[in-house]
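Inspection log for the structure reproduced underneath, given as structure tokens.
The values are calculated or read from the model by the stated rules, or taken from the named source; none is laboratory data. Keep in mind that this is a model prediction, so the values were computed, not measured. Here the Cβ positions follow ideal geometry from the backbone for every residue, glycine too, while neighbour counts run over all protein chains shown. Heads up: the accessible areas ignore ligands, DNA and RNA and are worked out on the full protein's heavy atoms, side chains in. Shrake-Rupley method; radii C 1.70, N 1.55, O 1.52, S 1.80 Å.
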Amino acid sequence: MDHSYFRKGFGLKGEIHGTLVDDYHSVLVDEVRSRGYALTAGGLTVRLAREFGFCYGVDRAVEYAYETRVKFPDRRIFLVGEIIHNPHVNAKLASMGIVIIRRSDAGEFDFGAVTAADVVIMPAFGVTKEAFDRLRALGCVLVDTTCGSVLNVWKRVESYARDGFTSVIHGKVQHEETKATASQVGRFPGGHFIVIRDMGEARLLCEFIEHGGSAAAVQQRFRVSSSPDFEPQRDLARIGIANQTTMLSGESLAIAAELRSSMVARYGEAVAAERFRTFDTICSATQERQDAVLKLLEDVVGVMVVIGGYNSSNTTHLAALCAKRVPTYHIEDSAGIAPETGVIRHKPVGGHEEMTTAGWLRADVLVVGVTAGASTPNVKVGETIARIFATRGIDLSAAVA
């Protein structure tokens, strides 16, 4: 048994349960759920998506981090980056004495302060193969909270690399999960990858697959999002599709279909299976939250509030889905809503900078929809609901008594 590497926790759930409840539970969210995911008071209704907030993988990662603190009370504990993309959760861990290791300007994590006597937690997104190897070489205790859905994607790209297929990854090249996934192809000699952000980039590959063209132009366009020795003519001849688990499912499936069509056009249907593979690697929790918010929007909703880290991929995709239907405000935390001034602090869908909007909850809005990304704890959802009602001057104490 390897006593320096842990993936299944420490059996300390009973010891941390009370702390987790205190830090993340919401009585108000329980009440809203009990009323059919809707709460009405003072002429305003807040409707909550039926799937929102912490998913299984996030629950597990946070539990393991809390267990680690209990298991090693006298050791220094480091965390590689953020455990999940939620500022409240990461701040809680920091308050417990867990030191978050940040990336250097060069983009790599600096493990210079870590010694063999320390404990290092790896986040739900996983870490790159290179970072993992560096940590193993240090001899420290490793607590691996990598989500099972992410591990499934890794197995997929590893199988592609083993069989001589280039992994085409639908994802965000700077996202921790996609960085970790892309690095897995390095487990096999000659493994290659290319990361595409959207359908526009997918169509650039389709054009090259079908008609050829300037390999140098493709290399230049994807210079920071492909294998160092990526050669389009060679490496796009056999491709396997994977995706960051938190991307929009419909977009990932459409990209896969587009790329398959180009492979068929270039090589013929008869040999498509020899040159093209695909597998839907969107995690079920991401899909459930996307489906739930679309279901919520089938009813009359005047405004949507989406709660979650601005750097949370699954949260930004939820906000994008909502913004196609109704005015949508993506807030990082419940504190983004200021009831006393009627101002909301939010990040516009597709924008890069946070902004404030006054009078966001118009008098004619009778129903506000609420959802939250998979890394948002219930306590922040509950606080947000309370602040929405308080913006209208509505005291919930009587409504939920």
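Candidates D74, D2: the one that is modelled with pLDDT of 95 or more, in a loop (DSSP other than H, G, I, E, B) and closer than 30 Å to L138 by Cα is D74.
Close Cβ contacts (under 8 Å, 6 or more residues apart or on different chains) running from residues in region 13-36 that are open to solvent by 60 Å² or more (accessible area, probe 1.4 Å) to residues that are not in a helix (DSSP H, G or I) comprise R33/L48. The sole residue among V218, V264 that is without any contact (Cβ under 8 Å) to a residue 40 or more places away in the chain, crowded, with 21+ Cβ neighbours inside 10 Å and touching a helix residue (DSSP H, G or I) at 6+ places or on another chain (Cβ under 7 Å) is V218. Anything in region 151-179 that is without any contact (Cβ under 8 Å) to a residue 60 or more places away in the chain and of a type in the set (A, V, I, L, M, F, W, C)? List them, or say none. Across region 151-179, the qualifying residues are L151, W154, A161, V173.
So which residues in region 97-110 are closer than 23 Å to V185 by Cβ and either open to solvent by 40 Å² or more (accessible area, probe 1.4 Å) or more than 20 Å from the chain's Cα centre (by Cα) (or both)? Selection gives R103, A106, E108.
There is at least one residue in region 113-123 that is in contact with a Gly (Cβ under 7 Å, 6 or more places away or on another chain), more than 22 Å from K13 (Cα to Cα), open to solvent by 10 Å² or more (accessible area, probe 1.4 Å) and among the aliphatic types (A, V, I, L, M).
Just to verify a result, which residue in region 40-71, among those that are of a type in the set (K, R) and in a helix (DSSP H, G or I), is farthest from the chain's Cα centre (by Cα)? The residue in question is K71. Exactly one residue out of A285, A254, A292 is under 30 Å from R162 (Cα atoms) and open to solvent by less than 30 Å² (accessible area, probe 1.4 Å): that is A285. The residues of region 125-152 that are among the aliphatic types (A, V, I, L, M) and in a helix (DSSP H, G or I), listed by number, are A131, L135, A137, L138, V150, L151. Filtering region 126-177 to residues that are of a type in the set (S, T, Y) and buried (at least 23 other Cβ atoms within 10 Å of the Cβ) leaves T145, Y160, T166, S167.
The residue of region 200-209 that is nearest to A256 (Cα to Cα), among those that are out of contact with any Pro (no Cβ under 7 Å at 6 or more places or on another chain) and surrounded by 15 or more Cβ atoms within 10 Å (Cβ to Cβ), is A202. Out of region 309-356, which residues are of a type outside the set (A, V, I, L, M, F, W, C), open to solvent by 40 Å² or more (accessible area, probe 1.4 Å), part of a strand (DSSP E or B) and over 23 Å from I83 (Cα atoms)? Within region 309-356, R345, T356 qualify. The number of residues in region 183-199 that are of a type outside the set (D, E, K, R) and either open to solvent by 10 Å² or more (accessible area, probe 1.4 Å) or at positive phi (or both) comes to 9.
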